[in-house]
Amino acid sequence: RIAEGPAGLSFSKWAPDGRHVLNTAEFNIRISVWSLASTTGVAASLKAPKHADKGIDFSRDGRFLAVAEREGGKDYVQVYRCSNWAPVRRFAVDTKDLADLRWSPDDRTIGIWDSNVEYVFVAYSPEGRRLGRYQAYEGALGIKAVEWAPSGQFVAIGSFDQKCRIVNHLTWRPIEEHSHPQTVAC
């Protein structure tokens, strides 16, 4: 039986192994990792995540979990090893208010983007080394959506200026920019 106690439950997510369920407690107090293969129940308790349903992503091979955290007004990413849920690396990130994060398909990069009011995309290695930063503009609403290309060589960044920019993973500069009108005629 899975129970989060008096704090309640705000979000659940399956681990890629299909044997663990991650539950975020109300008020982002913790993420409880429940083992379905063990009688002990909770396999681990991960400290306060920044968000309940965002800022939590597994590497594509399922070996690692990246979790956004906020402490003392600063954003961090904590990387956990999924075999024992032990913390591997924690690093500060160059954001004002981290909105979300996503592993690249080749697991070499963690893409992080800022809140809707800042257009900032920053790429880090899982060890915490900053690989690149992209900012299309300043002083206007920022990033709406991010999606990696299956190869991991490009990242598509959709923004509030109704454009999608395709960014190269080596230079962290756009190679293409597509405008999307507010109305689409069929």
If you take the residues in region 64-76 that are open to solvent by 20 Å² or more (accessible area, probe 1.4 Å) and touching a residue at least 24 places away in the same chain (Cβ under 8 Å), which one is farthest from LEU22 (Cα to Cα)?
ARG70
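Hey, which of the strands (runs of 3 or more DSSP E) in region 24-71, taking only ones fully inside, have at least 2 residues that are closer than 15 Å to CYS82 by Cβ, touching a helix residue (DSSP H, G or I) at 6+ places or on another chain (Cβ under 8 Å) and modelled with pLDDT of 80 or more?
Numbers: elements: 30-35, 42-47, 56-58, 64-71.
So the answer is none; nothing clears 2.
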Could you say whether any residue in region 26-35 is polar (S, T, N, Q), touching a residue at least 24 places away in the same chain (Cβ under 8 Å) and open to solvent by 20 Å² or more (accessible area, probe 1.4 Å)?
yes
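When you look at ASP114, is it on the phi > 0 side of the Ramachandran plot and acidic (Asp, Glu), yes or no?
Details: on the phi > 0 side of the Ramachandran plot: no; acidic (Asp, Glu): yes.
No, not satisfied.
Out of GLY152, GLY158, GLY139, I need the residue that is small (Gly, Ala, Ser), open to solvent by less than 50 Å² (accessible area, probe 1.4 Å) and not in a strand (DSSP E or B). Which one?
Values: GLY158 fails: not in a strand (DSSP E or B); GLY139 fails: open to solvent by less than 50 Å² (accessible area, probe 1.4 Å).
None of the other options fit; the residue is GLY152.
Conditions (1) assigned to a loop (DSSP other than H, G, I, E, B); (2) more than 20 Å from ARG165 (Cβ to Cβ), marked per residue:
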{"site": "ASP94", "(1), (2)": "yes, no"}
{"site": "LEU101", "(1), (2)": "no, no"}
{"site": "ARG108", "(1), (2)": "yes, yes"}
{"site": "GLU118", "(1), (2)": "yes, no"}
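Among ARG1, ARG89, which is farther than 26 Å from GLY142 by Cβ, at pLDDT 95 or above and open to solvent by 80 Å² or more (accessible area, probe 1.4 Å)?
Values: ARG1 fails: at pLDDT 95 or above.
It is ARG89.
The values are calculated or read from the model by the stated rules, or taken from the named source; none is laboratory data. For clarity, every value in this text was computed on a predicted model and none was experimentally measured. FYI the Cβ positions are ideal-geometry reconstructions off the backbone, even for glycines, and counts take in every protein chain you see. Accessible surface is based on the protein model in full, side chains and every heavy atom, while ligands, DNA and RNA are left aside. Shrake-Rupley method; radii C 1.70, N 1.55, O 1.52, S 1.80 Å.
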